[in-house]
1. Do me a favour and compute the ellipsoid semi-axes for the range 33-77 from its Cα gyration tensor, root of five times each eigenvalue, largest one first, whole Å.
2. Go through ASP474, ASP425, ASP339, ASP77 and list them by solvent-accessible area, largest first, probe radius 1.4 Å.
3. So if I place +1 on the C-beta of Lys and Arg and -1 on the C-beta of Asp and Glu, and nothing else carries charge, what would the dipole magnitude of the range 272-369 be about its Cα centre? I want it in debye, nearest 20.
4. Averaging sequence separations of C-alpha pairs under 8 Å and six or more residues apart, then dividing by the length of the range 281-472, give the relative contact order as a whole percent.
5. For the chain, build the charge dipole from Cβ charges (+1 Lys, Arg; -1 Asp, Glu) around the Cα centre, then report which of GLY296, ALA35, ALA366 sits farthest towards its positive end.
6. For the range 49-70 and the range 340-409, what is the separation of their Cα centres, given in Å?
7. Ignoring ligands, DNA and RNA, please state the percent of accessible area on the chain from carbon and sulfur, probe 1.4 Å.
8. Can you grab the distance from the C-alpha centre of the range 269-292 to the C-alpha centre of the range 428-457, Å, no decimals?
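The values are calculated or read from the model by the stated rules, or taken from the named source; none is laboratory data. It should be emphasised that the depicted structure is a prediction, and the values quoted were computed from it without experimental measurement. Neighbour counts are summed over all protein chains in view; Cβ atoms, including those assigned to glycine, are modelled from backbone coordinates with ideal geometry. Remember, those area values only see protein heavy atoms, side chains included, never the ligands or the DNA or RNA. Shrake-Rupley method; radii C 1.70, N 1.55, O 1.52, S 1.80 Å.
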Amino acid sequence: MSDIGQRAASVELCERAAVAAESRMLVDGKLVAAASGAEFDNVSPATGRRLGSTAAADEIDMRRAIDAARRAFDESDWSTNRELRKRCLRQLQSALESEKEELRTELIAEVGCPVMTTQLAQLDWPLADALRYPERLIDEFEWERVLDGGGLFGDRNVRTVVKEPVGVVAAITPSNFPIEVILNKLGPALAAGNTVVLKPDPNTPWNATRLGRLVAEHTDIPPGVLNVVTTPSNEVAGLLGTDPRVDMISFTGSTTVGKLLARNSADTMKRTFLELGGKSALIVLDDADPAKVIPGAVGVCVHAGQACAATTRMLVHTSLFDDLVTAVTAAFAAVTVGDPALPQTLVGPLISAAQKRRVLDAYAQARQDGAEITTGGGEVVGLPDDLAGGHYVQPTVIVGVDNTAAIAREEVFGPVVVMLPFADDDEAVRIANDSAYGLAGAVVSASSERAMAVARRVRTGAIGVNGGMYYGADAPFGGYKSSGWGRQCGIEGFQQYLETKTVGSRKPRGA
């Protein structure tokens, strides 16, 4: 971290990002300002200063984008021309790679994510396979299958099961890992033959508008197939859930907003994919090596804890509990917090002042509930002057509460872990499953078989065993319970963007 009074690295990086930013939306194949000319500010989480502006769509702009997507699906050959879709996805992949470093700078500037995270899930990982995997599926997927004889008319009847695109997809994406989520939605949605209206989070619009520009300038994607609409208005965004021309909602974000979208889209019977919040458990069994647990525990701090899959409940066997509390506390206290543009930074800022207030309120509520905060619990002090307006909080370890406390039940979206003891494997599973959520998790044990047995009993959509990684464009990801409906990525994620039609036909006599 820079010394106080020196110019923070993020200031220069933000200036470079602003010069290269795209403020326009992509609607019906054209890069356009809002019809009203309105714009909204894009603010750096690291400094609290304005980066620049982005087109602020109103109802007219959103309906134009929906109309363009509907027309492109109904009137173009996008939904049936698989060769065109493959070519366009390859073009988009090449275009993104050509501006990879500019995109990296932009993500650090507007997301506030540390440099090291862009080498992982923020950028490098999804860029490697989020478009390539579904592009391969265009050739490999079984688009049609014939059922063997039988049926009402025996062998004279032929039944064919056909997979077809859903139609117009509204892709609504979050601020924490924006390009990762965008690419993992667009890849399968477009490869399956759908058209898309993409509505990025207003806190992080530029990565999406850059993608829109790349589509317009470097691909043969027909007008209306992909539209990028930026708006700070919840009312304008809400049109995607109520307009009957939209066939599917693909949403990643909070459980509260996901439930609202599900309710609002019910009248028009939209298909909904909802990848929502989590309160995932890291289970440390009594035979675990404590030294191997610390990296997973500290992983909660990456990107200031703004990850839905973060294991923010750490369940530790009583025999290891006190020693691990001491070790995890020391590890959290040693975490580098500060300027996300510096390579050594693990924890950068939260996305907004409002999110900072929510995290600090959660710390305060934990204290009121009788918790002990062994490290952290407040704002970061001693930052460079240029970062004084940023949204930084301390990595925090909380003990002294049970699983009924708010800090153990509610998603905080900050760099905080609550540590809870358990007596045996059955109690660990019970505590892990005693949650409204079921998104992710982890188990650590000296025995792979034992860890796997516990993992199979945890009601969650993804779980790591002894450091195993479940991430990848070919691996379905999503949650149980209030963590959502459906899956992103994998065959399951691809099929989510498809309808199923069964066709019965009669064989001619003598055939």
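1. Values: eigenvalues 196, 32, 8 Å².
They are 31, 13, 6 Å, listed largest first.
2. Numbers: ASP474 100, ASP425 35, ASP339 0, ASP77 75 Å².
Output order, biggest surface exposure first: ASP474, ASP77, ASP425, ASP339.
3. Details: 7 positive and 9 negative charges, 94 e Å.
Charge dipole, the range 272-369, about its Cα centre: 460 debye, nearest 20.
4. Numbers: 360 pairs, mean separation 53.4, N = 192.
That works out to 28 percent.
5. ALA35
6. Spelled out, the Cα-based centre of one part sits 34 Å from the other.
7. Numbers: 10020 of 20000 Å².
Here carbon and sulfur together make up 50 percent of the probe-accessible area.
8. 8 Å
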